[in-house]
Amino acid sequence: MNALEIKNLTKSYPGFTLDNLNLTLPSGCILGLVGENGAGKSTTIKLILDMIRKDSGTVTVLGKDNGDSIRLTKEEIGVVMDEVGIPECLTAKQVGKVMKHTFRSWDDAEYSRLLQKLSLPDNKPFKEFSRGMKMKLGIAVAMSHHAKLLILDEATSGLDPVVRDEVVEMFSDFTRDENHSILISSHIVSDLERLCDYVAFLHKGKLLLFEEKDRLLAQYGLIRCTAEELKALPAESIKCQKENPYGMEAVVLRTALPSGISVSPISIEELFVFMVKERR
């Protein structure tokens with residue numbers, strides 16, 4: 001069973017349309033949503049959670065249509081939004097008590113372990129937390145009721161590099177269980193590159209690319225050459241290009257290149273930046 005299936009999903013606002021989005025997240029995998037501000041990442045997540053109404057298309061979460069069954073599956077979904085919605089007067093200890101009466105599968109021992117692992121104080125009011133601490137508390141809550149699917153909107157935002165590394169490891173450990181899956185959006189593309197099995201590029205509401213990460217990195221490469229050398233390459237091999245003071249840089253399809261051409265590896269971040277600039 002797929003953890004998430006999105007088919008022909010559309011949502012329009014004045015000046016913005018999430019246009020005919022199609023994504024699939026297999027169980028046991030992590031899907032990263034990459035996109036600049038306003039690309040449609042948060043809109044997609046809110047549509048999945050039925051927080052806003054879609055114009056058309058279908059969303060299936062853990063085998064159930066989200067429009068009718070999202071409330072029934074809340075036990076199985078852990079959510080961390082860009083703004084963690086916890087009352088500011090509550091301490092982490094009090095949050096645990098509230099969540100114990102919210103989720104039937106709430107695990108006090110796991111919550112305490114995560115608070116300690118993430119160096120979060122028990123008795124400090126949420127309003128006194130830094131942004132990074134708020135995100136860590138949201139992550140601790142999301143991972144303490146035995147969810148099968150984590151949906152994370154900028155969950156690594158505001159974390160220092162050491163804590164971010166710990167959190168990325170926690171997410172990787174979570175999906176070692178083949179029944180566990182994660183959908184995560186982030187501006188920190190390096191985190192997604194380390195973490196994700198699949199990557200989806202969103203730009204101005206359109207899906208530019210959706211592919212298995214390892215296949216993507218094997219399929220594309222980066223070459224640096226002169227303008228004349230670039231013109232000599234097969235047109236079908238060149239996906240994106242830009243000029244710099246030293247010549248040309250181009251994202252290429254490795255299989256379409258003649259043998260003997262030197263191709264450098266390309267990162268997910270470089271590929272995304274190239275594709276967005278090409279669209280502009």
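The values are calculated or read from the model by the stated rules, or taken from the named source; none is laboratory data. Just so we're clear, the structure is a prediction, and the values are computed from it rather than from any experiment. Here Cβ is always computed from backbone atoms with ideal geometry, including for glycine, and neighbour counts include all displayed protein chains.
Counting only helices (runs of 4 or more DSSP H) that sit wholly inside the stretch 199-280, those with at least 1 residues that are of a type in the set (Asp, Glu), in contact (Cβ under 8 Å) with a residue 60 or more places away in the chain and under 25 Å from residue 45 (Cα atoms) are 268-279. Taking the criterion of being of a type outside the set (Val, Ile, Thr) and either under 13 Å from the mean Cα position of the chain (by Cα) or assigned to a loop (DSSP other than H, G, I, E, B) (or both), the residues of the stretch 155-171 that qualify are 155, 157, 158, 159, 160, 171. Suppose we filter the stretch 203-218 for residues that are farther than 22 Å from residue 7 by Cα and surrounded by fewer than 16 Cβ atoms within 10 Å (Cβ to Cβ); how many remain? So the answer is 3. Candidates are the residues of the stretch 26-55 that are of a type in the set (Gly, Ala, Ser) and either in a loop (DSSP other than H, G, I, E, B) or surrounded by fewer than 16 Cβ atoms within 10 Å (Cβ to Cβ) (or both); the one that is nearest to the chain's Cα centre (by Cα) is 35.
Considering 58, 102, the condition of being over 18 Å from residue 152 (Cβ atoms) and under 23 Å from the mean Cα position of the chain (by Cα) is satisfied by 58 alone. Is it the case that the stretch 67-89 has a residue that's surrounded by 21 or more Cβ atoms within 10 Å (Cβ to Cβ), at pLDDT 90 or above and more than 22 Å from residue 41 (Cα to Cα)? For the stretch 67-89, residues surrounded by 21 or more Cβ atoms within 10 Å (Cβ to Cβ), at pLDDT 90 or above and more than 22 Å from residue 41 (Cα to Cα): absent. Within the stretch 93-106, not a single residue is closer than 14 Å to residue 183 by Cβ, surrounded by 15 or more Cβ atoms within 10 Å (Cβ to Cβ) and in contact with a helix residue (DSSP H, G or I) (Cβ under 7 Å, 6 or more places away or on another chain).
If the condition is being aromatic (Phe, Trp, Tyr) and part of a helix (DSSP H, G or I), then the stretch 94-150 contributes 111, 126. Output yes when any residue across the stretch 179-194 is in a strand (DSSP E or B) and either assigned by TED's automatic domain parsing to the domain that holds residue 275 or more than 30 Å from residue 117 (Cα to Cα) (or both), and no when none is. No, the stretch 179-194 contains no residue that is in a strand (DSSP E or B) and either assigned by TED's automatic domain parsing to the domain that holds residue 275 or more than 30 Å from residue 117 (Cα to Cα) (or both).
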